[in-house]
1. 222 nm [θ] for the chain, helices only, -39500 (n - 2.57) per DSSP H run of 4+, per residue, to 500?
2. Cysteines of the chain lacking any other cysteine beta carbon under 4.7 Å?
3. Determine ³J(HN,Hα), in whole Hz, for all residues of the stretch 262-279 in sequence, where each value follows from phi through the Karplus function 6.51 cos²θ - 1.76 cosθ + 1.60 and θ = phi - 60°; x replaces Gly and Pro.
4. Using Cα centres only, tell me the gap between the stretch 122-141 and the stretch 200-245 in whole Å.
5. Under 5 Å between amide hydrogens, which residues at least 5 positions from Ile267 or on another chain qualify, with H placed 1.01 Å from N in the peptide plane?
6. For the stretch 128-148, list residues with backbone N below 19 Å from a point placed 7 Å from the Cα of Arg212 toward its Cβ?
7. With axes computed from alpha carbons, what is the tilt in degrees of helix 238-254 against the longest principal axis of the chain, rounded to the nearest 10 within 0 to 90?
8. Starting with the fewest neighbours, write out Lys238, Lys272 ranked by other beta-carbon atoms found within 10 Å of each beta-carbon.
Amino acid sequence: MTDAALPALADDPAAPAAASLAAKTRRRRALAYVQAAPMALVFAAFFLVPLLLTLVVSFWEYNEYEIIPSFTAQNYLDVFDGCLNVADPCTTVRTYLSTLKFCALTWAITLPVGFTVAYFVAFHVRSATVQMALFLVCTIPFWTSNVIRMISWIPLLGRNGLVNGSLIGLGLIDRPIEGLLYSDFSVVLAFVHLDTVFMIVPIFNSMARIDRSLIEAAHDAGASGWQILWHVVVPLTKPGIAIGSIFVITLVMGDFVTVGVMGGQQIASVGKVIQVQMSALQLPAAAANAVVLLGAVMLMIVAMTRLIDLRKEL
């Protein structure tokens with residue numbers, strides 16, 4: 001560029017505007033980082049640091065009397081001990097299969113229930129006040145602790161509980177049904193009771209964002225109600241379904257209270273194994289199991305996000 005062209009650039013009226021726009025962009029970016037800094041510090045202090053400490057402790061040694069801060073991979077070897085035998089799965093594989101069974105059953109029930117409730121509130125309730133009231137009803141169980149909500153099922157499902165008593169009184173059965181309480185059925189029932197709201201809320205948020213003109217256009221084009229639901233509503237609700245599924249699966253995978261109370265301390269789960277090891281002060285072994293559980297949950301979340309690009313959909 002020649003020296004003669006420099007005065008022309010200096011006199012360009014667009015140059016100050018471009019410089020001002022660049023400065024505003026830098027200020028906005030800096031302001032965004034400042035606004036995100038408090039939450040980033042909280043995230044680091046209460047998530048990243050404990051996670052790092054858990055990873056570190058998982059490589060420590062321990063015995064009946066003490067925890068020894070020295071590096072060892074024995075804790076992870078103990079987790080996967082005997083898991084190479086396909087014919088006879090190890091304890092870890094059986095425990096994960098049991099937990100995944102609860103995940104699948106809970107997800108298979110909470111998804112249609114949550115979708116139905118969200119669809120009714122989003123498309124059949126016109127008043128925002130009534131919608132808020134219905135959401136409040138959905139959150140009423142959260143006003144009490146999980147343990148109290150689970151214990152409330154015992155008088156209903158027990159051997160001499162209300163369900164068995166009613167069935168016997170109606171003459172439908174001759175003797176009490178044994179599998180209602182302290183069984184897989186009661187565990188799944190409690191999970192559905194506790195986690196359905198986590199499926200309802202994200203699905204409703206996705207449905208609330210659907211342009212109603214799309215549904216009207218599909219109806220004017222001659223589509224039936226089922227076709228509108230399957231080809232319009234469901235595709236546009238995929239982000240909410242994915243987020244709700246992530247909530248439900250992560251909650252079930254790490255839960256040990258529900259399995260312990262509703263399973264009568266007789267049903268195995270990954271969370272229950274970790275809780276027992278922590279009660280026995282086997283903290284390195286519990287940390288190793290927690291890291292493996294975190295890895296398994298992350299793989300499941302990655303698999304779901306592969307099916308639906310949440311960043312693109314939201």
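Laboratory data are not the source of any read-out in this text; all were calculated from the coordinates shown. Bear in mind that the values here come from a model prediction, so they are computed numbers and not experimental data. Neighbour counts are summed over all protein chains in view; Cβ atoms, including those assigned to glycine, are modelled from backbone coordinates with ideal geometry.
1. Working: 17 runs with 214 residues, N = 314.
Theoretical 222 nm ellipticity from helices: -21500 deg cm²/dmol.
2. Cys103, Cys138, each lacking another Cys Cβ under 4.7 Å.
3. Couplings: 7, x, x, 6, 10, 10, 8, 8, 5, x, 5, 4, 5, 5, 5, 5, 5, 5 Hz.
4. About 18 Å separates the Cα centre of the stretch 122-141 from the one of the stretch 200-245.
5. It is none; the list stays empty.
6. Correct set: 128-135.
7. Rounded to the nearest ten degrees, it is 50.
8. Values: Lys238 16, Lys272 21.
Neighbour counts put them in this order, fewest first: Lys238, Lys272.
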